[in-house]
Each structure stands twice: as structure tokens, then as C-alpha cells.
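The values are calculated or read from the model by the stated rules, or taken from the named source; none is laboratory data. Computed from a predicted model, the values in this text were never measured in an experiment. Cβ coordinates were reconstructed from backbone atoms using ideal geometry, including for glycine residues, and neighbour counts include every protein chain displayed.
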Amino acid sequence: MIDPGPRSLEELEARLARDLDLLTLPPAEWVPPRAGVLDVAIVGAGMAGLTAAFALRKLGIANVRLFDRAPAGREGPWGTFARMETLRSPKTLTGPALGFANLTFRAWYEAQFGTVAWEALFRIPRLQWLDYLTWYRRVTSPTVENDTALTGLSGDAEGVTLSLDGPEGTGSVRARRVILANGRDGLGGPFIPPFWRDVDKRFWAHAHEPIDFAALKGKTVAVLGAGAGAVDNAAEALETGAAKVYMLVRRKELPRVNKSLAAGNAGLLLGFNDLSDERRWAQNQYIADTAVPAPHNSMLRCSRHANFSLLTGCAIEGARPEGGRLALDTTRGPAMVDFVILATGFTVDWARRPELAELARHALLWRDRYVAPGREGNEFAEHPYLGRDFQFQERTPGEVPWLPRVHAFNYAAVLSHGRVTGDIPGISVGAERLAAGIAGALFAEDYDHHWQRLQTFETPELLGDEWTEAEGF
Ligand SMILES: Cc1cc2nc3c(=O)[nH]c(=O)nc-3n(C[C@H](O)[C@H](O)[C@H](O)COP(=O)(O)OP(=O)(O)OC[C@H]3O[C@@H](n4cnc5c(N)ncnc54)[C@H](O)[C@@H]3O)c2cc1C
């Protein structure tokens, strides 16, 4: 008999509860409590933070709290600056489900809209993904403090102190371990080509910022970039009535092949961090150099507008205000526009994260260990050189003993661990590795407690009345 599947979220949640029950999950907590100290503090309650919290819960680590500076339901890019109609990821990816069929996007979708709608669905609509993550948060029920920003990190050999700024003002929290699940720009920010910083901000925005598209109605807009962000922002401008939208691409050709699709098998997800430094750098460099194209459907969203123009081999060499507009000097000639959107992506740039200044000062970076020949000054050199459990490592061992208690579960782990910390395909693999590493570390730290518990454990299995001692042969 074919199981028609749950027909409502209530039914789905009952199935999920039974799955957990059958697996005796979550297990009893085993980490000895320390008054006023969290076992784990997670900065960021987006997909990565929520998945990490549930992976820890699966291992019986529940003295965990998440902090996110965004209001509840506004975490991550989905309902803020992301402007695509659908996710790029195939709808069948199981993402943060951590092996639970009834925790997948598909289960959530089918329970509400049925299997026919699922079959008909092309890709996951952006805001539906946010709804799914909101449901994921509800059913996995971590403790989250929203509107609460991390403003600093310090610590000692026993733990880390997080300085926080929340609705009740500023304060601090102690934790034995800290997970930075703070996103694509977690150790940096939007990449802004240097000369743009001197151009009057009235004329430009980064795609990562809020943009008043209604104000661009009837205007000429240039979008800089070759990837999904450029296409999505161009489409948004076109759909809200921009008179003309140019997409200006510095490369001679638009990238067409998404190389990272060939880098998603289990071997790679599990084995990447054991590769040599040379191979780890080379693989990331190759994907960065070949660049990831915009999805097919996103490109069509632009090119169906007659007032959309794409120019390749078009680098911007200068920009200056002229008569209330912006004059651009480009390698393909001069152009007058009203507004420019920089879809230039993100960069690892520690100076943009004052809350991580102490980490920045003392963390071992790739440039301390390995830089590919001829790539000096490359952004990858600034990535942290992480340990097996995503932990930061000290540049000078012993100098900052709390530093290895902080784990980078954000994009900047990509050079050390591959794509297991931000993108949907590998997030469960990353979260399981992170949680297992933290569980092992907490156990090792509390060894004396566990050793003593073993020795003082006196609950008998045999009461002595189950047999009679023989008197001899
Ligand atoms: C526009 C866009 C589209 C994407 N589309 C896809 C896709 O289709 N498929 C795919 O696999 N991946 C996609 N990604 C990549 C990735 O899946 C997303 O970036 C995803 O949001 C990563 O989840 P995260 O939890 O790591 O980060 P986020 O969702 O960004 O969550 C990080 C959280 O940390 C919080 N935070 C940051 N700093 C602090 C601080 N100091 N104090 C407190 N909180 C803080 C933020 O408020 C945020 O809520 C996309 C990324 C972007 C930017």
C-alpha cells in the first residue's frame, strides 16, 4: 500500500514526533551543568544556526541558546535582501533535515499542498523557504533570543564571554563553546570595489542593502556583476518599472556552467577537510575563477524585458555625478545612469566585523599556513585556518586559550572544510560534524566528572536473588 503521506502540518508533526520517539531522541542530557554558563552559544539563528542547534540536541546537548540581531522571522537573506523568485537549489535537496524524512522541505510542502502540487513545483519559492525555516525552528524548538547582536568576544581558559546588545540593553553571557553561524558575510561584508567608496552614496547601493526600487521607476539603472545577485536585482528593477536596465559584466563572457554542482557528492562533503592545503585552495580557487552563473529561470526573468541590456567585457573605470545623474566611464565607452547596484558579492574582511576584533588579532589564517603560488593578496589568504571541528586556532599557541572554543560555522569555513557550512546541500553534513566535535570536546573537558560518575555508579542489574551459589562440584 502506498502511504499517501500526512495531510496537514499537524499530521506531519505527529509523524516527526514518532520518528524521534522510535529513535529515542533526543537523548538525556549528559553534560554536567555549570551555573550561569551555557554549554553552547550560537550566534545566528538562520539555517546554519538552527541546524547546528538541532544536531547538538540530537546528541543530548540542550543547554544551548541562539542569538540573532534580526527580528524573529527576518533571519538571513530570504525575506530581506534576497530578490530571486525561487531558490537555485533543486527542490529535492534535504538541506537541514539531518536525516529525518519528516523534517524535509518536501514533507513540509506536501503536507500542506499535496503530492500533485509537489510534482508540479519547479523550484522552491524564496519566501516559502523562509516559511519552512520558521516551521523548522518551531518543531525543533531551540531557545532563540532575537533582536540581540553580538558586539564582542573575550574569554579565558574556561570559556568565552559574549558581549550582547539586546532589547534589554547591553549584557554578557558565558558559554563553554561558541558557534558563529552568522552567515555568508559572517567574517566580512559586502564586497565594494575601492573607488565606489568615494562616489556619492545617493547614486549607488550594494545588492545586500535595502533598495527603494519604487524610486527607480522610469530611471536608468546599471547593475554590476555576472552572477545570480546581478540578475535578480536587474529583474527587480525591471519589474518595478525602471526605464532601462544595463547589466554590466567585467568578464569577457558570462559564466555558463555551475561548477560547484559537480562538487556535491558525499565523498567530497566528508573528505574535503582531509585534503592537502594545495588541493583545498585549488578547488576553491577554481570555482571562484570560473564563477557561478545565474540560474536559467532568473536570466529569463530579465531577458523577457526589451529594456534590458547585457554588456560583457565592460569594466567600470570611473563614476562621477553630472547634472543630477551619474556618468560612468567604462571599457565599452561612456554611459549616463541614474543609479548603480553593485552585485559584487561578499568578502572576508575582518575589519568589517568589529565584534570579532579579538579573533581577528589572534586567529591562525590561511596566509599563515599556505597561499597558492601567485595568489598573494587573494581574499582566500584571510580565511581562518580551522581545525577539525571548525574551531579557530591560535596563531601563537597558548596566547588566547578561549579562541579554539569558537567555531566558524559560516561561509569563511569553506577553504578549510568545503561547502558544508552555508549552502543547502551540505548543511546537515557540516552540522553533524560540528556537533560531534563539540560533544567530544565537552566530554574530554569534563573527563574527571565522567570518570567519577562511572566509578560511583552503583545501580545493580542483578539483585543477588536471581541465582543460588553452588556449594561445589
Ligand atoms: C541572495 C542569496 C541567495 C541564496 N540562495 C541560495 C540557494 O538557492 N541555495 C543554496 O544552497 N544557498 C543559497 N544561498 C547561500 C546560503 O544558503 C544562504 O546564505 C543561507 O542564508 C546561509 O544560512 P546561514 O544560516 O549560514 O546564514 P544566514 O541565513 O545569513 O543567517 C545568519 C544570521 O546571523 C545573524 N547575525 C550576523 N551577525 C550577527 C551578530 N553580530 N549578532 C547576532 N546575529 C548576527 C544574521 O542576522 C542572520 O540572521 C544564498 C545566499 C544569498 C545571499
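Data table
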read-out: Verdict on Ser89 being within 16 Å of the ligand (Cβ to nearest atom), at pLDDT below 95 and on the phi < 0 side of the Ramachandran plot; value: yes
read-out: Sole exception among (1) farther than 30 Å from Val31 by Cβ; (2) near the ligand (Cβ under 10 Å from one of its atoms) for Asp198, by number; value: (2)
read-out: Unmet requirement for Trp78, which otherwise passes all of (1) hydrophobic (A, V, I, L, M, F, W, C); (2) more than 16 Å from the ligand (Cβ to nearest atom); (3) touching a residue at least 12 places away in the same chain (Cβ under 8 Å); (4) farther than 17 Å from Leu434 by Cα; value: (2)
read-out: Residue count, the stretch 81-105 (criterion: in a loop (DSSP other than H, G, I, E, B) and either among the hydrophobic types (A, V, I, L, M, F, W, C) or in contact (Cβ under 8 Å) with a residue 12 or more places away in the chain (or both)); value: 16
read-out: Filter result for Thr396 (outside any helix (DSSP H, G or I), over 16 Å from the mean Cα position of the chain (by Cα) and among the hydroxyl-bearing types (Ser, Thr, Tyr)); value: yes
read-out: Within the stretch 413-433, considering residues that are of a type in the set (A, V, I, L, M, F, W, C) and more than 9 Å from the ligand (Cβ to nearest atom), the one surrounded by the most Cβ atoms within 10 Å (Cβ to Cβ); value: Ala431
read-out: Which numbered condition Ala306 misses (of (1) part of a loop (DSSP other than H, G, I, E, B); (2) crowded, with 17+ Cβ neighbours inside 10 Å; (3) modelled with pLDDT of 95 or more); value: (2)
read-out: Filter result for Asp198 (without any contact (Cβ under 8 Å) to a residue 40 or more places away in the chain, over 21 Å from Ala435 (Cα atoms) and not assigned by TED's automatic domain parsing to the domain that holds Ala439); value: yes
read-out: Total residues in the stretch 22-70, condition away from the ligand (no atom under 16 Å from the Cβ), under 21 Å from Leu162 (Cβ atoms) and not in a loop (DSSP other than H, G, I, E, B); value: 4
